[in-house]
1. Rounded to the nearest 0.05, what FRET efficiency do Ala160 and Ala202 give with R0 = 35 Å and r taken as the Cβ-Cβ distance? Could you check?
2. What order do you get for 164-175, 73-84 when each peptide is scored by the mean count of other beta carbon atoms within 10 Å, highest first?
3. With a point put 7 Å past each Cα toward its Cβ, work out how far Arg187 is from Thr130 in nm, to one decimal.
4. Of Ala189, Pro129, Ala139, whose Cα points farthest to the positive end of the dipole of the stretch 122-273 (charges on the beta-carbon: +1 Lys, Arg; -1 Asp, Glu; origin at the Cα centre)?
5. Subtract the Cα-Cα distance of Gln216 and Gln115 from 0.36 nm times their separation in residues, and report this length gain in nm to one decimal.
6. Which length gain, in nm to one decimal place, applies between Arg75 and Arg175 when the Cα-Cα distance is subtracted from 0.36 nm times their residue separation?
7. By counting other Cβ atoms within 10 Å of each Cβ, how are Thr234, Thr95 ranked from fewest to most?
8. Based on the Kirkwood radius over alpha-carbon pairs, what value in µm²/s does the Stokes-Einstein equation return for the translational diffusion coefficient of the stretch 85-131 at 37 °C and 0.692 mPa s?
Amino acid sequence: MARAHEPAPLSADGRRALRVPLVLGALALAATLCVPVAQYLDLSAPEDAGQRSLPVLVQGLEAQGRIAEEPDADRVADTRNLVAANILLRSGYLTRASVQADPVTKRPLYSLSIQPEVQACASVPPDSPTKPPLPFHQASDLAIAAVAVEKFNRHTVHRALEWALARSVLALTGRLPELSLGPAQIRPATVRRLVAAGFGGAQWRPLGQDEHALAQALGDECQALALATAILATQACTDCPDPAAHALQVYGGQRPRTEAVVDYVPIVRTMAAMWQ
């Protein structure tokens, strides 16, 4: 049997010519994956100009074949609240935040106030269908929390490269690529389905007809919050025990649910409850 023809090795000039694009590609990939260190310790109290340290409780490791039978529910809740509060602090959505110890249990109690403008943004135009599977007022708080998580999880360089790719494809093809875009990480096809179903009425109708208008809406945080609210409201199940959790799973990309302290669904729901 004849052997397949093997390609000739690169010449020295060819190898030298590849150095620059390979180095630039590696730097771009590293910048995309480089997420700043999350600081989960310091939370400013309004009555104190300084900052107080909030320790994250750590579960003990197995020793000589023994492990804890059941996780400490209070410890899990305190850790989840701490993570949720810090994500909200970094979202830019709060007007004030404070923490104090419960006088009886000594556990931390958080007091957070969200910007009225943010809550106003996370509302769907009134001429939308009025009975989605999840009521808009419930979806609104979940949308604010979910968008805060999406913002927290993406580095500035990541966002810039994402939009550079999207705008390049739009300029070349006249259509946005099917990527999750903007602060809310929404796919263009999802918005088109919303518009086709009548959500947003006349205000959102151009988003189904003009790709440039759609790109602008996905990149505008206020409009993205409203779109996220509509998506969560419509993607909830109608015959399941927990429509809100189902909507969040779909929005987050069908992440499998686990018992982890920082699992996506409980973190988002914890955040949404912190300012109510």
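The numbers here are math on the coordinates, done by the rules we state, and not lab data. Because the structure is a prediction, the values reported are computed rather than measured. Virtual Cβ from ideal backbone geometry, glycine too; neighbours counted across all protein chains shown.
1. 0.60
2. 73-84, 164-175
3. 3.2
4. Ranked along the dipole, the leading option is Ala189.
5. 34.1 nm
6. 31.1 nm
7. Working: Thr234 22, Thr95 12.
Ordered from fewest to most neighbouring Cβ atoms within 10 Å, Thr234, Thr95 come out as Thr95, Thr234.
8. Details: Rh = 13.1 Å.
Diffusion coefficient, whole number: 251 µm²/s.
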